[in-house]
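Report on the structure given below.
Read-outs throughout are calculated quantities, based only on the coordinates presented, and are distinct from any laboratory measurement. Keep in mind it's a predicted model, so treat the numbers as computed, not measured. Heads up, the Cβs are rebuilt from the backbone with ideal geometry, glycines too, and the neighbour counts pull from every protein chain shown.
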Amino acid sequence: MEQKALSDYLMLLGDNPTILGQRLGELCGHGPELETDIAMTNISLDLFGQVRNYFQYAAEVMGNGATEDSVAMLRLEHEYKNALLVEQPNRDFAYVICRQFLFDVYHQLLLKELMSSKNERISAIAHKSIKEVDYHVDFSSTWMKRLGDGTDESNKRLSEAMGFLWRYSMELFEPTETETLIAEMSVGPDLGELKPVYLEKVKEVLNESNIELPEKTTFQYGGKTGRHTEYMGYILAEFQYMQRAYPNMQW
Amino acid sequence: MQIADPEIEDILRSVSDPEIPVLSIMDMGIVRKVDQDGGQYIISITPTYSGCPAMDTIGDDIKAAFKAQDLSAVIKLILSPAWTTDWITPRGRTALEKYGIAAPLEATADKDALVGKPHMIKCTNCGSMNTKMVSRFGSTACKALFQCEDCHEPFDYFKCLK
């Protein structure tokens, strides 16, 4: 039972950075300027590095011949437990930055908690990852301010992006059965406690960005229990292509 | 880190980071422990960044270097404690500078440099302090991109990681 909760949790931890990393990877060669192009792919690389640590561990816990590749590449759409936020498309640079910012702030809070996880291996992964994610938060917060406090056009675009993406933010803090179980085992945090800290941090940056949160929001949930938006299938079609076309291929 | 057997130390010193060939993995501070189990050496290494694509190659290179001496090694990847740029040796820092990569500053100064405060990083080409950051992210995860305003040479800066 505990093993099942652990492997489910490891996949849950890995799925957000996997799908966000894939989205960022789409921008390789398409960033609006050199700095952002390199930044998006560097962040993607950090995320995939962290994912490997989670999935290697998940594969060990699962046994039965599971590998990091089978965990990452060979599940069906409803078996991925990433939040809806990270699968949203790269509509324009404001969407990319806004999505990144909303995830980074959560990611940093989560890792800070996981550093004191009772599970030593998860704690070690969190200690390693937080150094990278601190840098991501710096990057996306700076760009939030640059776009929000930039021209009328950049402010307008960022406001639109926030107006669209905010509805996906609260799912991050809605615990699944696995997350509740894992919190009882002191392996992961009580997500409810992170939510007020998150809201405060987000609002702090938004104030400096001259961006307001939408007045009324109907929050969307589902990704963490495997019910995804229409975009997910297309992401997986590209992401899994190689392993599906050439089963068991290795680099 | 100290290795009791000079022969083993020499072998490990001969292996370099494929992305920074002048820097031995010993001076990079990524070799954390050497154990022996019967005839086999267990080399514990730690990644600089989680997604560092050089880690698999470094592991293979270590095994090949041992094999060339008729020895056998296995690689153990450890994450804790997490790597920091403090583990780069003085010899490593000199090698970096010679190669054209500015060595990491202290954490606080690094933050200033990376939020765009000018004149903190010395040009590796002409030594001028009149430099500016071009990009917080560089050619690899561990570097940022700078340019000298005097000689106009672009160069990499190895980001401080604590």
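Brief remarks on what is shown
- Bins of 5 Å from zero: percent of alpha-carbon pairs in segment B:100-158: 4, 24, 36, 26, 9, 1
- Förster-model FRET efficiency, 25 Å R0, A:Glu177 and A:Gln243, C-beta, rounded to 0.05: 0.30
- Cross-link partners for A:Lys112 among the lysines, with Cα-Cα distance under 17 Å and sequence neighbours closer than 8 places in the same chain left out: A:Lys128, A:Lys131, A:Lys195, A:Lys201, B:Lys162.
- Residue (of A:Ala39, A:Asn64, A:Leu10) at the positive-pole extreme of chain A, dipole from beta-carbon charges: A:Asn64
- Distance from segment A:197-251 to segment A:1-69 (C-alpha centre basis), Å: 13
- Of all DSSP beta bridges confined to segment B:36-94, the antiparallel ones make up roughly 25%.
- Rounded tilt (10° steps) of A:120-148 against the dominant C-alpha axis of chain A: 20
- A cut-off of 5 Å between modelled amide H atoms, ignoring neighbours fewer than 5 places along the same chain, links B:Ala73 with B:Tyr41.
- Other protein chain C-beta atoms within 10 Å of residue C-beta, averaged over A:26-35: 1.
- Of the GluC sites (Glu not before Pro) found in segment A:7-91, the ones in coil according to DSSP and having at most 11 other Cβ atoms within 10 Å of their Cβ are A:Glu33.
- Bridgeable lysines around B:Lys67 (alpha carbons under 20 Å apart, same-chain partners fewer than 8 residues away excluded): B:Lys33, B:Lys76.
- Using a 4.7 Å Cβ-Cβ cutoff, the cysteines of the protein assembly as shown lacking any partner cysteine are A:Cys28, A:Cys98, B:Cys52, B:Cys142, B:Cys160.
- Phi angles of segment B:56-64 translate, via the Karplus equation with coefficients 6.51, -1.76, 1.60 and θ = phi - 60°, into HN-Hα couplings of 5, 5, 4, x, 5, 5, 5, 4, 5 Hz per residue; Gly and Pro are given as x.
- Close amide H pairs (under 5 Å, H built 1.01 Å from N) link B:Met120 with B:Thr131, residues at least 5 positions away or on another chain.
- Highest-fluctuation residue, B:Cys52, B:Cys123, B:Cys142 considered, GNM on chain B with Cα pairs under 10 Å: B:Cys52
- Estimated Rh, the protein assembly as shown: Kirkwood, alpha-carbon pairs, angstrom: 22.8
- Per residue, the average separation of C-alpha pairs within less than 8 Å and at least 6 apart gives chain B a relative contact order of 18 percent.
- Per-residue Cβ neighbour rank within 10 angstrom, fewest leading, B:Thr84, A:Thr41, A:Thr218: A:Thr218, B:Thr84, A:Thr41
- Cβ-based exposure ranking for A:Lys145, B:Lys67, in which fewest neighbours within 10 Å come first: B:Lys67, A:Lys145
- Working note: Karplus 6.51/-1.76/1.60 with θ = phi - 60° gives segment B:19-33 the couplings 8, 9, x, 7, 9, 5, 5, 5, 6, 6, x, 9, 7, 9, 6 Hz, where Gly and Pro are set to x.
- Leading residue at positive end of dipole, chain B (Cβ point charges), from B:Ala4, B:Thr94, B:Leu114: B:Leu114
- The residues A:Ser129, B:Ser44, A:Ser7, when put in order of fewest to most other Cβ atoms within 10 Å, stand as B:Ser44, A:Ser7, A:Ser129.
- Gap separating the Cα centres of segment B:125-142 and segment B:84-120, nearest whole Å: 10
- For segment A:224-242, backbone nitrogen atoms closer than 18 Å to the point 7 Å from A:His78 Cα along Cα-to-C-beta are found at A:224-234, A:236-237.
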